[in-house]
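Here the structure is laid out as structure tokens; the discussion comes afterwards.
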Amino acid sequence: MSPTACRPCLRRAGLLEALSPLIEVVAMRQAGSSAPELLAMSDDQLVRKLAPRGSPGMRRALARAAGPSVLEARQRNSGVWSVCRHRDEYPEPLRDLGAEAPAALFGRGHRDALADLAERRAVAIVGARRASGYGRTVGRDLARQLSVAGVRVISGLANGVDAAAHDGALAGSAQTIAVLGSGADRVYPRQQSGLYERVLASGAALSELPPGAPPRRWTFPARNRIIAALSAMTVVVAAADRSGSLITAEMAADLGREVGAVPGPVNAPSHAGANRLLVDGARVIRGGQDALDALFGPGERAVAEVGPDPGIGGRAVLAEIERGATPDAVAATLALPPAEVSAGLARLELDGYVVGDAGGRYERTSLDMPPPGSPE
Amino acid sequence: MLAVAHTFTLVGVGARPVGAEVDVHRGLPAFSLVGLPDAAVRESRERVRAAIVNSGFEFPLRRITASLAPADLRKAGPALDLAIAAALLAASEQLDGAFLETHRLAGELALDGSIRAVPGVIAMAEEGRKQGAEAIAVPGPNVAEAGLVGGLRVVGLNSLVDLRALSSGELPEASATNGAGPAGSPDGEETSKGPDLAELRGQPLLRRALEVAAAGGHNMLIVGPPGAGKSLGARRLPSILPALGREEAIEVTRIAGVCGSGPPPGTLARRPFRSPHHTISAVGLVGGGLPPRPGEITHAHLGVLFLDELGEFSRQALEALRQPLEDGGIRLTRGVHAVDLPSRFMLVAATNPCPCGHGESSPRCSCAPATIRRYHSRLSGPLADRIDVAIAIAQPSAEALAGDAGETSATVRERVEAARTRQLDRLEGRYNAQMSAAECRAAGLTDSAEAALAAGHARLALSGRGYERVLRLSRTIADLDSIEWVDAAHVGEALTFRWRFGRS
């Protein structure tokens with residue numbers, strides 16, 4: 001029977017859950033206090049910070065706080081395991097957070113997803129919730145290529161880039177880890193419940209909050225520090241100027257981790273944040289190979305994927321799609337009957353070279369083609 | 001004295017026979033009318049009285065009882081006037097009533113005795129023919145229309161006075177008496193006047209999707225921003241469907257005639273195109289009310305029903321469509337009676353890709369992801385699994401709009417007809433859209449087609465229904481190619497028509 005978090009750490013987790021509304025008020029509204037700073041305080045310091053003169057609200061919260069035994073029961077009932085910083089199993093990279101490191105870490109799914117994180121190097125892939133097809137496709141492909149190469153992918157299960165990253169990672173062999181802003185057994189956002197189940201099937205979902213805890217605004221920047229700390233590198237895929245993922249990148253930089261960004265169109269506000277990271281010195285990440293080079297040294301590990309030969313016709317269609325053509329434009333430019341263009345696009349989609357969206361547009365994936373003239 | 005004239009009342013989109021029995025006997029002058037008449041039929045008494053007097057006949061000052069049989073069938077409309085008047089004249093011995101046995105009668109009476117046109121004459125003539133009647137007497141303006149139905153003589157009457165001639169056998173028959181109908185097929189002369197596919201500029205994939213949908217009778221959904229050509233394309237679908245056969249054309253004309261919206265008298269209707277506004281109710285869409293009236297789906301029988309702005313239609317209205325789409329007809333039950341209405345139509349729906357109209361792939365889209373999700377899930381409503389062809393289009397480029405006109409409807413229609421012929425042979429009168437999955441496979445897939453289908457199922461997360469749909473569409477695409485065995489290219493193209501809005 002694997003050890004769970006120790007009782008003082010569980011008490012701490014129960015306290016965080018009970019004080020959550022008060023933390024929200026202070027962290028989000030008082031200038032000069034951020035959630036990670038609050039989380040660095042000891043239990044007593046935290047209580048005094050949140051209600052310096054004591055208050056009925058504070059007394060009620062303390063009375064309500066779930067104690068270690070209650071939390072152990074909750075874990076059993078919801079299939080959640082836990083570790084704390086006093087255990088060997090605690091992921092080493094998290095200790096770099098110092099006093100801000102989470103006391104207890106709850107999880108669901110495979111415990112071994114946390115093993116050897118320092119040696120084996122994991123990558124965090126973060127980005128906008130409202131990502132375009134480009135953002136999602138690139139995020140998905142990056143995650144898949146890393147996962148195929150054995151590198152774990154960590155993200156936050158949010159809509160958009162996070163979801164695409166987990167999805168891509170599941171297509172490879174490595175485990176993916178989702179760090180949640182709610183309890184490890186609570187899926188947030190709800191649309192991702194299918195993805196959540198798939199993540200648990202091979203990887204894990206983590207949280208510093210006890211099982212059943214609801215998400216709050218402060219819990220997201222808080223969990224972002226965990227994402228940044230667990231990974232050897234954080235890659236921002238698509239971010240506007242004020243995106244939360246930029247804060248994750250900043251946290252990673254403060255921890256001495258690698259920071260990478262995927263370039264986006266220069267006139268798109270939805271990519272301005274990522275582009276600015278590049279100006280500020282982040283590594284340019286065009287795909288899995290760039291990320292692997294950054295992690296292990298240039299050329300040490302290679303992205304392994306190549307698709308089947310698309311044939312002359314397929315290559316021509318693909319070239320047009322790469323230029324941003326709609327299927328109608330492809331038909332016009334190549335002077336092909338629409339039936340042939342559709343059949344060609346379907347073949348390319350099945351082989352993994354393009355992805356079609358609900359609007360009838362196709363996006364090129366980063367799957368490479370074999371050199372022309374290779375045998376099938 | 002008793003006399004019986006035979007006429008009809010309209011029920012649903014057909015006619016039911018009515019016997020107008022009139023009895024004249026001694027007693028205080030009165031004129032009673034029984035047999036569940038509606039308001040117009042009740043008013044018949046006034047029209048009949050005035051018409052008889054003003055035509056030079058005598059209105060008997062006796063006790064008159066008119067009974068419209070069968071007693072439990074509601075009678076509606078003014079077409080029964082003529083029969084009531086004729087029976088009354090025969091019962092009061094002002095006319096020889098022999099002709100009442102062989103001639104069915106229909107017409108509205110004006111107060112001066114002239115006879116007015118009535119709707120539904122084709123339905124009545126068909127019903128009369130079914131009964132084995134020798135002839136039907138209708139108002140003059142309705143003669144050409146009634147003449148479209150073969151198998152019985154058509155006599156035109158312009159005034160009540162003409163009954164004298166009819167009863168003595170002297171009235172010359174109207175010219176279009178033997179139901180030969182207008183020469184030539186209805187669509188032959190008129191195609192040039194209707195909308196043509198050549199008017200849809202650019203949009204090669206939309207044209208192809210219309211062709212595939214038409215060839216197999218597949219229902220379709222067109223997604224695109226405003227002005228891209230969704231409505232333009234949909235309106236041209238009837239022009240590439242095969243011409244109506246004569247029986248079908250008469251059926252469509254009859255249905256339109258019953259509702260008073262038929263083509264010019266004497267001509268046959270073309271395939272209907274109905275485009276109800278999205279505020280329509282379920283009853284307006286599928287029919288209902290008391291007495292039961294046909295809805296848009298029946299008006300669209302053998303034609304196209306176009307639902308523009310699919311997301312704006314009420315869920316109830318769309319739910320009501322499911323069964324008729326499946327069955328090709330709808331049964332409206334009112335207590336003990338039921339009326340069966342036909343509704344074999346092709347459904348074309350159009351929608352914007354998202355509420356603001358630009359589509360989430362476009363940088364100009366201002367919709368929040370949750371809004372788009374909700375919008376898509378509204379589309380994935382009751383009709384999602386009835387739609388075989390889903391296509392997304394974009395605004396045509398300037399070059400495309402200025403470029404050469406595409407093929408005309410006539411050219412495309414030839415291919416559609418050839419494909420449909422193959423289906424009718426294979427399926428004994430049905431189209432690919434109505435095939436079961438087992439039937440699709442029976443026609444044969446090549447090995448590469450099987451592989452493509454399996455890959456599609458695995459990689460593209462096709463549902464079971466989605467898989468069947470791809471099979472049906474591939475079969476239609478192969479038919480358009482005049483190829484016996486479905487190949488990988490056919491499966492590939494069919495895959496591009498799949499539903500991409502979430503569950504289906």
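Among the residues making up the range B:20-47, a single one is surrounded by fewer than 16 Cβ atoms within 10 Å (Cβ to Cβ), touching a Ser or Thr at 6+ places or on another chain (Cβ under 8 Å) and within 30 Å of B:G132 (Cβ to Cβ): B:V34. Exactly one residue out of B:A338, B:A400, B:A394, B:A370 is surrounded by fewer than 21 Cβ atoms within 10 Å (Cβ to Cβ), of a type in the set (A, V, I, L, M) and in contact with an Asp or Glu (Cβ under 8 Å, 6 or more places away or on another chain), and it is B:A400.
Inclusion of B:R386 among residues that are touching a strand residue (DSSP E or B) at 6+ places or on another chain (Cβ under 8 Å) and not β-branched (V, I, T) is warranted. Determine if the range A:319-331 includes at least one residue that is within 30 Å of A:V123 (Cβ to Cβ) and either within 22 Å of the chain's Cα centre (by Cα) or small (G, A, S) (or both). So far as the range A:319-331 goes, yes, one or more of its residues are within 30 Å of A:V123 (Cβ to Cβ) and either within 22 Å of the chain's Cα centre (by Cα) or small (G, A, S) (or both). Contact map, the range A:26-50: residues that are at pLDDT below 85 paired with residues that are of a type in the set (S, T, Y), Cβ distance under 8 Å, separation 6+ or inter-chain. Pairs shown: A:V26/A:S33; A:A27/A:S33; A:A27/A:S34; A:A35/A:T219; A:K49/A:S33. Per the conditions (1) surrounded by fewer than 21 Cβ atoms within 10 Å (Cβ to Cβ); (2) within 14 Å of A:V235 (Cα to Cα), the sole criterion not satisfied by A:L146 is (1).
Quick one: which residue in B:R270, B:R344, B:R322 is assigned to a helix (DSSP H, G or I), of a type in the set (K, R) and touching a residue at least 12 places away in the same chain (Cβ under 8 Å)?
Details: B:R270 fails: assigned to a helix (DSSP H, G or I); B:R344 fails: assigned to a helix (DSSP H, G or I).
Answer to the check: B:R322.
The set of residues in the range B:9-19 that are surrounded by fewer than 19 Cβ atoms within 10 Å (Cβ to Cβ) and on the phi > 0 side of the Ramachandran plot is empty.
Yes or no, residue by residue, for (1) at pLDDT 90 or above; (2) among the aromatic types (F, W, Y); (3) surrounded by fewer than 22 Cβ atoms within 10 Å (Cβ to Cβ):
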site	(1), (2), (3)
B:G464	no, no, yes
B:S474	yes, no, no
B:D481	yes, no, yes
B:D487	yes, no, yes
B:F497	yes, yes, no
B:R500	no, no, yes
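Residues are listed down the side, and each one gets a yes or a no for (1) touching a strand residue (DSSP E or B) at 6+ places or on another chain (Cβ under 8 Å); (2) within 14 Å of another protein chain (Cβ to nearest Cβ); (3) more than 20 Å from B:I387 (Cβ to Cβ); (4) in a helix (DSSP H, G or I):
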{"position": "B:Q423", "(1), (2), (3), (4)": "no, no, no, yes"}
{"position": "B:R426", "(1), (2), (3), (4)": "no, no, yes, yes"}
{"position": "B:S448", "(1), (2), (3), (4)": "no, yes, yes, yes"}
{"position": "B:R465", "(1), (2), (3), (4)": "no, no, no, yes"}
{"position": "B:R475", "(1), (2), (3), (4)": "yes, no, no, yes"}
{"position": "B:S482", "(1), (2), (3), (4)": "no, yes, yes, no"}
{"position": "B:E493", "(1), (2), (3), (4)": "no, yes, no, yes"}
{"position": "B:W499", "(1), (2), (3), (4)": "yes, yes, no, no"}
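For the range A:233-242, the candidate set comprises residues that are buried (at least 23 other Cβ atoms within 10 Å of the Cβ) and of a type in the set (G, A, S); within that set, the residue that is nearest to A:L146 (Cα to Cα) is A:A238. Take the conditions (1) aliphatic (A, V, I, L, M); (2) within 30 Å of B:E399 (Cα to Cα); (3) within 14 Å of chain B (Cβ to nearest Cβ); A:A316 misses just one of them, which is (3). Which residue, of B:P353, B:P369, is under 28 Å from B:G466 (Cβ atoms), out of contact with any helix residue (DSSP H, G or I) (no Cβ under 6 Å at 6 or more places or on another chain) and without any contact (Cβ under 8 Å) to a residue 12 or more places away in the chain? Among B:P353, B:P369, only B:P369 is under 28 Å from B:G466 (Cβ atoms), out of contact with any helix residue (DSSP H, G or I) (no Cβ under 6 Å at 6 or more places or on another chain) and without any contact (Cβ under 8 Å) to a residue 12 or more places away in the chain.
Among the residues of the range A:280-296, are any within 14 Å of another protein chain (Cβ to nearest Cβ) and farther than 15 Å from B:T496 by Cα?
At the first step, the residues of the range A:280-296 found to be within 14 Å of another protein chain (Cβ to nearest Cβ) are none.
No: the range A:280-296 contains no residue that is within 14 Å of another protein chain (Cβ to nearest Cβ) and farther than 15 Å from B:T496 by Cα.
With respect to the conditions (1) over 20 Å from the mean Cα position of the chain (by Cα); (2) surrounded by 15 or more Cβ atoms within 10 Å (Cβ to Cβ), B:F345 lacks only one, and its number is (1).
Filter the range B:187-223 down to the residues that are more than 10 Å from every other protein chain (Cβ to nearest Cβ), assigned to a helix (DSSP H, G or I) and at pLDDT 90 or above, then identify the one that is surrounded by the fewest Cβ atoms within 10 Å (Cβ to Cβ). Filtering first and then ranking leaves B:G216. Got a sec? Which strands (runs of 3 or more DSSP E) wholly within the range A:44-140 have at least 2 residues that are hydrophobic (A, V, I, L, M, F, W, C) and closer than 30 Å to A:A261 by Cβ? So the answer is A:122-126. Out of the residues in the range B:91-117 that are small (G, A, S) and touching a Phe, Trp or Tyr at 6+ places or on another chain (Cβ under 9 Å), which is farthest from B:G260 (Cα to Cα)? Among residues in the range B:91-117 that are small (G, A, S) and touching a Phe, Trp or Tyr at 6+ places or on another chain (Cβ under 9 Å), the one farthest from B:G260 (Cα to Cα) is B:S92.
Here the range A:252-279 is the region considered, the condition is being in contact with a His (Cβ under 8 Å, 6 or more places away or on another chain) and surrounded by fewer than 23 Cβ atoms within 10 Å (Cβ to Cβ), and the residue that is farthest from the other protein chains (Cβ to nearest Cβ) is A:P263.
The combined condition, being under 30 Å from B:R254 (Cβ atoms) and either without any contact (Cβ under 8 Å) to a residue 40 or more places away in the chain or of a type in the set (D, E, K, R) (or both), is fulfilled by B:E428.
Would you point out which residue out of A:A229, A:A222, A:A249 is crowded, with 21+ Cβ neighbours inside 10 Å and within 17 Å of A:G139 (Cα to Cα)? Break it down into steps so the answer makes sense when it comes.
Values: A:A229 fails: within 17 Å of A:G139 (Cα to Cα); A:A222 fails: within 17 Å of A:G139 (Cα to Cα).
Answer to the check: A:A249.
Taking A:V355 as the residue in question, decide whether it is among the β-branched types (V, I, T), within 29 Å of the chain's Cα centre (by Cα) and either surrounded by fewer than 22 Cβ atoms within 10 Å (Cβ to Cβ) or more than 7 Å from chain B (Cβ to nearest Cβ) (or both). Judged against the criteria, A:V355 is a match. If I filter the range B:424-438 for residues that are surrounded by fewer than 21 Cβ atoms within 10 Å (Cβ to Cβ) and closer than 18 Å to A:L345 by Cβ, do I get at least one hit? No, every residue in the range B:424-438 fails to be surrounded by fewer than 21 Cβ atoms within 10 Å (Cβ to Cβ) and closer than 18 Å to A:L345 by Cβ.
The values are calculated or read from the model by the stated rules, or taken from the named source; none is laboratory data. Nothing here was measured: the structure is a model prediction, and the numbers come from that model. Counting neighbours? That spans all protein chains shown, and the Cβs are built from the backbone with ideal geometry, glycine included.
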